[in-house]
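The values are calculated or read from the model by the stated rules, or taken from the named source; none is laboratory data. Keep in mind it's a predicted model, so treat the numbers as computed, not measured. As a convention, Cβ positions derive from the backbone with ideal geometry for all residues, glycine included, and neighbour counts pool all protein chains shown.
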2 protein chains.
Amino acid sequence: MNKTIETLLSHRSIRKFEDKPLSDQQIKTIVECAQAASTSSFIQAYSIIGVKRPETKKKLAELAGNQPYVEANGHFFVFCADLHRHTVVAEMEKADLTESVESTEKFMVAVIDAALAAQNGSIAAESMGLGICYIGGIRNKIEEVTELLKLPANTIPLFGLAVGYPAQETDVKPRLPLEHVYHEEAYQQDVQIYQDQLEEYNETASAYYHARTAGKRSDTWTSQMANMLRQPKRMNMKSYLHKQGFAKK
Amino acid sequence: MNKTIETLLSHRSIRKFEDKPLSDQQIKTIVECAQAASTSSFIQAYSIIGVKRPETKKKLAELAGNQPYVEANGHFFVFCADLHRHTVVAEMEKADLTESVESTEKFMVAVIDAALAAQNGSIAAESMGLGICYIGGIRNKIEEVTELLKLPANTIPLFGLAVGYPAQETDVKPRLPLEHVYHEEAYQQDVQIYQDQLEEYNETASAYYHARTAGKRSDTWTSQMANMLRQPKRMNMKSYLHKQGFAKK
């Protein structure tokens, strides 16, 4: 096993950081690595906002649902799907690109581009001994975040990424069984096998929580998922996307 | 600069592979690394189909627009957004999760989850000396790909990933200027600065193509983008997503 694979396999989210900012060089390296990721037909349809100012972080933390690690970290990045750039290209090249820019296809391309870049940035950070945590919570108040970061039309703040020097030890969380996630040649359609794998995983997840909380918690993965998904969240997303000029067609 | 950052920064897509399959151990490591990526609230909303059979690869290559490297590679992965798993959870837990599963928010979560996993898998592969190429082309005939891979409702084949032993040397492609993609505190809204950066990048891109093709090609990035986006592609995506049970609300 090489060092990179070791880094990948030892990932765990970090939610408590030392009070020590990242250096400019560390930030630059993280962004350069993010930019080195693959991008669909070289479209580069994302932008990254780096947040350093304590007031802005505090505001973001409130908007994300009062997660303290959005405020207290070494640096906070917001990854955005971005087709604004391509509307500027349209002006420069005197071309009508509206139908592409507003398509569901290009919305997906921009979301995927941003995610690939973010994951490269995360791995770069982790390889330097830093910890990371993705923050989907910034979509709780997505309109307010859009306004706070002065995001133009045709951009969306997808998620935050808190980065910093870890101030906690956490365990790697066991994932779904590999054969449940990875199928050969075609999707495994046998519901019984599928459910058996989930039951097996429930035992693993339950034992993990039990050991980690000294017996206080032992919920299964399927019950966690059901509890989370029973309450639909962020049901304004579709109208927000349309308002920002995405996925209209 | 550590080894991992070196791997990240030296990424280039590989489109010509040796005729040598990946070993089962290599495939397993790639999938394990994919699974180790962050996942929104631990939802793990993706699946991976591994394609080995020459007939299936050939068929996929046709559907993706006759890209030869979809057929000729060491292994072909298809990354899928997957909320099918969560409909099985709904049955097991006797919970109605329909509204969440069909929401635009959870569609985005599943796409991001799949992309983070894929990028981890890609980096694992590259760290082992393998080359990779993302294949968005599988969305050209997305209904046929869905059928070929026997994907159930609430799953989407997002993109392929061709992996193998590189049989070509290619250069790292210069990205947009860092300060164009990375903004501090808020989005850079000055159109003049924005356009100047793109003009600067046009020169870089043009020089890169010129050097690489012995003068045969010297197009700018903005002209490339305008040419690509002038013709809207895959405009069936929205109705396909709805049909698969995604982003309905």
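Determine the pairs where a residue that is on the phi > 0 side of the Ramachandran plot, located within the range A:233-249, has a partner that is among the polar types (S, T, N, Q) with Cβ atoms under 6 Å apart, the partner being 6 or more residues away or on another chain.
Short answer, once both residue conditions are applied: A:GLY245/A:ASN154; A:ALA247/A:THR104.
Please verify whether B:ALA37 is within 8 Å of chain A (Cβ to nearest Cβ) and at negative phi, treating the condition exactly as stated. Write out each step before concluding.
Details: within 8 Å of chain A (Cβ to nearest Cβ): yes; at negative phi: yes.
Considered against the rule, which asks whether it is within 8 Å of chain A (Cβ to nearest Cβ) and at negative phi, B:ALA37 comes out as yes.
So which of A:GLU93, A:GLU55, A:GLU71 is within 9 Å of another protein chain (Cβ to nearest Cβ) and acidic (Asp, Glu)? Give the derivation first.
Details: A:GLU55 fails: within 9 Å of another protein chain (Cβ to nearest Cβ); A:GLU71 fails: within 9 Å of another protein chain (Cβ to nearest Cβ).
Exactly one of A:GLU93, A:GLU55, A:GLU71 is within 9 Å of another protein chain (Cβ to nearest Cβ) and acidic (Asp, Glu), namely A:GLU93.
State all residues of the range A:102-157 that are facing chain B (nearest Cβ under 7 Å), closer than 13 Å to A:GLN244 by Cβ and hydrophobic (A, V, I, L, M, F, W, C); if no residue qualifies, say none.
Scanning the range A:102-157 gives A:VAL111, A:LEU149, A:LEU151.
Mind listing whichever residues of the range B:213-249 are in a loop (DSSP other than H, G, I, E, B), over 19 Å from B:GLU105 (Cβ atoms) and not polar (S, T, N, Q)?
Keep residues of the range B:213-249 that are in a loop (DSSP other than H, G, I, E, B), which gives B:213-220, B:231-236, B:244-249.
Next, from what is left, pick out any that are over 19 Å from B:GLU105 (Cβ atoms): B:213-220, B:231-236.
Residues satisfying the conditions are B:ALA214, B:GLY215, B:LYS216, B:ARG217, B:ASP219, B:PRO232, B:LYS233, B:ARG234, B:MET235.
Filtering the range A:128-172 down to residues that are under 21 Å from A:ASP113 (Cβ atoms) and among the hydroxyl-bearing types (Ser, Thr, Tyr), which residue is surrounded by the most Cβ atoms within 10 Å (Cβ to Cβ)?
Step by step, filter the range A:128-172, then rank; the result is A:THR155.
The conditions are (1) at positive phi; (2) touching a residue at least 12 places away in the same chain (Cβ under 8 Å), and A:LYS150 fails exactly one of them. Which is it?
The failed condition is (2).
Condition check ((1) over 21 Å from the mean Cα position of the chain (by Cα); (2) over 20 Å from B:SER239 (Cα atoms)) across all residues:
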| position | (1), (2) |
| --- | --- |
| A:THR213 | yes, yes |
| A:SER218 | yes, yes |
| A:SER223 | yes, yes |
| A:ALA226 | yes, yes |
| A:LEU229 | no, yes |
| A:PRO232 | no, yes |
| A:MET235 | no, no |
| A:LEU241 | no, no |
| A:GLY245 | yes, no |
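What are the residues in the range A:94-106 that are surrounded by fewer than 19 Cβ atoms within 10 Å (Cβ to Cβ) and under 13 Å from B:GLN224 (Cβ atoms), if any?
Selection gives A:ALA95 alone.
If A:MET1 meets every condition in (1) modelled with pLDDT of 95 or more; (2) more than 23 Å from B:GLU184 (Cα to Cα) apart from one, which number is that one?
Every condition holds for A:MET1 apart from (1).
If I filter the range B:166-190 down to residues being of a type in the set (A, V, I, L, M) and more than 7 Å from chain A (Cβ to nearest Cβ), which single residue comes out as nearest to A:GLN25 (Cα to Cα)? Spell out the reasoning first.
Keep residues of the range B:166-190 that are of a type in the set (A, V, I, L, M), which gives B:167, B:172, B:176, B:178, B:181, B:186.
Imposing the further condition that a residue be more than 7 Å from chain A (Cβ to nearest Cβ) reduces the set to B:167, B:172.
Working: B:ALA167: 35, B:VAL172: 21 Å.
Selected residue: B:VAL172.
Out of the residues in the range B:1-59 that are in contact with a strand residue (DSSP E or B) (Cβ under 6 Å, 6 or more places away or on another chain) and among the polar types (S, T, N, Q), which is surrounded by the most Cβ atoms within 10 Å (Cβ to Cβ)?
So the residue we want is B:SER47.
The rows are residues; the columns are (1) outside any loop (DSSP other than H, G, I, E, B); (2) farther than 30 Å from A:SER100 by Cβ; (3) in contact (Cβ under 8 Å) with a residue 40 or more places away in the chain.
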{"site": "A:LEU8", "(1), (2), (3)": "yes, yes, yes"}
{"site": "A:ARG15", "(1), (2), (3)": "no, yes, yes"}
{"site": "A:ASN66", "(1), (2), (3)": "no, yes, no"}
{"site": "A:VAL78", "(1), (2), (3)": "yes, no, yes"}
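Please go through the range B:2-26 and pick out each residue that is hydrophobic (A, V, I, L, M, F, W, C) and at the interface with chain A (Cβ under 8 Å from one of its Cβ atoms). Please lay out each step first, then the result.
Step one: of the range B:2-26, the residues hydrophobic (A, V, I, L, M, F, W, C) are B:5, B:8-9, B:14, B:17, B:22.
Listed by number, the residues that qualify are B:ILE5, B:LEU8, B:LEU9.
What residue, among those in the range A:191-226 that are without any contact (Cβ under 8 Å) to a residue 12 or more places away in the chain, more than 8 Å from every other protein chain (Cβ to nearest Cβ) and of a type in the set (S, T, N, Q), is surrounded by the fewest Cβ atoms within 10 Å (Cβ to Cβ)?
By that ranking, first place goes to A:GLN192.
Determine which single condition A:VAL111 fails, assuming it passes every other condition in (1) surrounded by fewer than 21 Cβ atoms within 10 Å (Cβ to Cβ); (2) closer than 28 Å to A:ILE43 by Cβ.
(1)
Going by the structure shown, is A:GLN188 in a loop (DSSP other than H, G, I, E, B) and surrounded by 15 or more Cβ atoms within 10 Å (Cβ to Cβ)? Spell out how you get there, then give the answer.
Values: in a loop (DSSP other than H, G, I, E, B): yes; surrounded by 15 or more Cβ atoms within 10 Å (Cβ to Cβ): yes.
Criteria met by A:GLN188.
With respect to the numbered conditions (1) within 12 Å of chain A (Cβ to nearest Cβ); (2) more than 17 Å from A:GLN44 (Cα to Cα); (3) within 19 Å of the chain's Cα centre (by Cα), which one is the sole condition not fulfilled by B:VAL163?
Among (1) within 12 Å of chain A (Cβ to nearest Cβ); (2) more than 17 Å from A:GLN44 (Cα to Cα); (3) within 19 Å of the chain's Cα centre (by Cα), the lone unmet condition for B:VAL163 is (1).
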